[in-house]
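Input: a single structure, listed below in structure tokens.
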Amino acid sequence: MILVTGGAGFIGGNFVLDWLAGSNEPVINLDKLTYAGNLDTLKSVQGDARHHFIQGDIGDRTLVDALLSQHRPRAVINFAAESHVDRSIHGPGEFIQTNVLGIFNLLESVRGYWSNLSATEQAAFRFLHVSTDEVYGTLRASDPAFAETNRYEPNSPYSASKAASDHLVRAWHHTYGLPVLTTNCSNNYGPYHFPEKLIPLIILNALAGKTLPIYGDGQQIRDWLFVKDHCSAIRRVLEAGCCGETYNVGGWNEKTNLEVVQTICALLDELRPRQDGRAYAAQISFVADRPGHDRRYAIDAGKLQRELGWKPAETFESGIRKTVQWYLDNHDWIANVTSGAYRDWINTQYGA
Ligand code: NAD
Ligand code: DAU
């Protein structure tokens, strides 16, 4: 079996659902259920004997040691993290706690478990760490896309904490021989995305008749990858990646934020037109920029394609259409995540 951490979040949740749809290998799912963790995402595998959910912290050595010795997984896939850049600007403490100290404790638990396996089990074991392209910093318009050899230049408390986690993972391989793999992925989007992030926030605000906040001039560029493509890349790296290597994962879809928002507005105009006949784009509003806002991310995912034969299945056009449709079709999931604590965050970030 495999142990997944953060499997009630956006990407981890999609990963668990896709894994169980394609394999009978059981999953132990360890998640703290912070504001970003959501058991509704896992509703379809509730009661499935192949899925064991445990609420807990990756930094809880006693709990993680016990889970490892009880279930004896062949791999640990770490999604658990604090993941939202704006929250890291308001309060970096939790990011250091989970993304740095939590990873340190998780690595120590895994090292203890791994060092007591038989030689054959040790050789087959993998610790896969899911990370981000943001560790590489920001690009100018004319710069080539981030390659695995780019130096780390993180600019936000979030990306600095993820860079620290990547360094710890690397060191545990170099010093202790732990068989690790690291993936650095660009911006994901798709079903079950918590609506603090740009794409789901824009879809839900548009439908609610609220303003569509674009930071600064909206000309910042992100590379967008449909979440199920990220999941397939992780499965491929787990299966065939070389220990100690890092793999960039991306969608070859560079878009400005304004383009992304305009695309969502056009899809909603088609799929759920406003009752007053006006275009959703009329709700766009340029607001104060994010402090330290990275201008451009772009991923060169050539290594993953050349060495492991992976490439994304979705274009941005096909993936964003599926995503908008998913949010139109899933009222219950949305109603649950947009209650209470979510409203407090929206008031903190955008004002009432
Ligand atoms: P998310 O915020 O939606 O989910 C994170 C999950 O981790 C939540 O379920 C939360 O409850 C859990 N968690 C947080 N702290 C924990 C702890 N101490 N112990 C156990 N569980 C804990 O994040 P996401 O968007 O799904 O991102 C998953 C991973 O992928 C993160 O490591 C993130 O850095 C990375 N990543 C995200 C993106 C993206 O676009 N969302 C892109 C590249 C990489
Ligand atoms: O690049 C990978 C990263 O992508 C992941 O590591 C992070 O976990 C994930 O949150 C995401 O980070 P971003 O900061 O790029 O994503 P976000 O959706 O928050 O913002 C995308 C872009 O849109 C960014 O340039 C900021 C802008 N934005 C965001 C929000 C929430 C707006 O203009 N308005 C908004 O209201």
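Filtering region 323-352 to residues that are surrounded by 15 or more Cβ atoms within 10 Å (Cβ to Cβ) and either touching a strand residue (DSSP E or B) at 6+ places or on another chain (Cβ under 8 Å) or β-branched (Val, Ile, Thr) (or both) leaves Thr323, Val324, Ile334, Val337, Thr338, Ile346, Tyr350. For region 70-113, a residue qualifies if it is within 11 Å of ligand 1 (Cβ to nearest atom) and of a type in the set (D, E, K, R), and the qualifying residues are Glu82, Arg87, Glu94. Looking at the structure I just gave you, is Asn188 in contact with a helix residue (DSSP H, G or I) (Cβ under 7 Å, 6 or more places away or on another chain), within 13 Å of ligand 1 (Cβ to nearest atom), more than 30 Å from Leu106 (Cα to Cα) and touching a residue at least 24 places away in the same chain (Cβ under 8 Å)? Considered against the rule, which asks whether it is in contact with a helix residue (DSSP H, G or I) (Cβ under 7 Å, 6 or more places away or on another chain), within 13 Å of ligand 1 (Cβ to nearest atom), more than 30 Å from Leu106 (Cα to Cα) and touching a residue at least 24 places away in the same chain (Cβ under 8 Å), Asn188 comes out as no.
Summed over region 30-55, the residues that are surrounded by fewer than 19 Cβ atoms within 10 Å (Cβ to Cβ) and within 16 Å of ligand 2 (Cβ to nearest atom) give a count of 2.
Working carefully through the options Ile89, Ile58, find the one that is assigned to a loop (DSSP other than H, G, I, E, B), surrounded by 14 or more Cβ atoms within 10 Å (Cβ to Cβ), β-branched (Val, Ile, Thr) and in contact with a helix residue (DSSP H, G or I) (Cβ under 7 Å, 6 or more places away or on another chain).
Ile58
Screening Arg306 on (1) exposed (fewer than 13 other Cβ atoms within 10 Å of the Cβ); (2) touching a strand residue (DSSP E or B) at 6+ places or on another chain (Cβ under 8 Å) shows it passes everything except condition (2). Could you go through region 210-222 and let me know if any residue there is of a type in the set (Val, Ile, Thr) and in contact with a Leu (Cβ under 7 Å, 6 or more places away or on another chain). Within region 210-222, one or more residues are of a type in the set (Val, Ile, Thr) and in contact with a Leu (Cβ under 7 Å, 6 or more places away or on another chain).
For Thr246, the conditions (1) surrounded by 16 or more Cβ atoms within 10 Å (Cβ to Cβ); (2) of a type outside the set (A, V, I, L, M, F, W, C); (3) near ligand 2 (Cβ under 10 Å from one of its atoms) are fulfilled apart from (3). Counting only strands (runs of 3 or more DSSP E) that sit completely within region 127-237, those holding 1 or more residues that are over 13 Å from the mean Cα position of the chain (by Cα) and of a type outside the set (Phe, Trp, Tyr) correspond to 180-185, 212-215, 221-226. If you filter region 72-86 down to residues that are over 29 Å from Asp294 (Cβ atoms) and either surrounded by 17 or more Cβ atoms within 10 Å (Cβ to Cβ) or within 11 Å of ligand 2 (Cβ to nearest atom) (or both), you find that the one that is nearest to the chain's Cα centre (by Cα) is Val76.
Restricting region 320-349 to residues that are out of contact with any helix residue (DSSP H, G or I) (no Cβ under 8 Å at 6 or more places or on another chain) and at pLDDT 95 or above, which is nearest to Pro200 (Cα to Cα)? Per the stated criteria, the residue is Trp326. Against the numbered list (1) within 10 Å of ligand 2 (Cβ to nearest atom); (2) closer than 30 Å to Trp172 by Cβ, Tyr215 comes up short only at (2).
With the condition being without any contact (Cβ under 8 Å) to a residue 60 or more places away in the chain and within 22 Å of Thr34 (Cα to Cα), I'd like the helices (runs of 4 or more DSSP H) fully within region 306-352 carrying at least 2 qualifying residues.
On the way: elements: 316-329, 331-337, 340-350.
Per the criteria, 331-337, 340-350.
If I go through region 2-37 residue by residue, how many of them are of a type outside the set (Ser, Thr, Tyr) and under 21 Å from Ile103 (Cα atoms)? Count: 22.
The values are calculated or read from the model by the stated rules, or taken from the named source; none is laboratory data. From a predicted model like this one, the values you see are computed outputs, not experimental measurements. Cβ atoms come from the backbone with ideal geometry, glycine included; neighbour counts cover every protein chain shown.
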